[in-house]
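Everything below concerns the one structure shown next.
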Amino acid sequence: MLGKRDLNKNWVNLNSVLFESLPEHLQEDQKDWAAYHWNLVVGTQIAAISRVERISCKTLYVRVQGSQWLNALEGLKTKFIQELNSRAGKQLIEKIQLTT
């Protein structure tokens, strides 16, 4: 019988296969991919006040509306990185840089 951990491992592999099966022009434009998944990962409230600017050297640059959001989101960055990488099926992002 498969344990929960074994089932989760299969989903990670499936996510990786799905990401790799995207057309090349979508793979190359990681910003669009990241922006789409960022909105899903952070939820509607945070998505409404934030925008993915770019990805460079495994850093996701995100602009937020107002400096009050910088501290509020700081503690959630690790969770966001883990979820985005899980969706990508690989270590796509190592760091999130928040700016106003």
Open item on the list: Taking amide H atoms as placed 1.01 Å from N in the peptide plane, list the residues 5 or more away in sequence, or in a different chain, whose amide H sits under 5 Å from that of R54.
Closed with: Y61
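Rounded if a/c is under 1.5, else prolate if a/b beats b/c, else oblate: with a ≥ b ≥ c from the C-alpha gyration tensor eigenvalues square-rooted, which is the stretch 34-100? Display every interim value, and only then the final one.
Details: a/c = 1.67, a/b = 1.46, b/c = 1.14.
Prolate is the answer for the stretch 34-100, as a/c is 1.5 or above and a/b outweighs b/c.
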TODO: Determine ³J(HN,Hα), in whole Hz, for all residues of the stretch 76-87 in sequence, where each value follows from phi through the Karplus function 6.51 cos²θ - 1.76 cosθ + 1.60 and θ = phi - 60°; x replaces Gly and Pro.
DONE: 9, 4, 4, 4, 4, 4, 4, 5, 5, 5, 4, 5
Task: Full-stretch length increase - Q91, I49 - with 0.36 nm per residue and alpha-carbon distance subtracted - done: 12.6 nm
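Quick note: the coordinates plus some simple rules give every number you see, no bench work behind them. It should be emphasised that the depicted structure is a prediction, and the values quoted were computed from it without experimental measurement.
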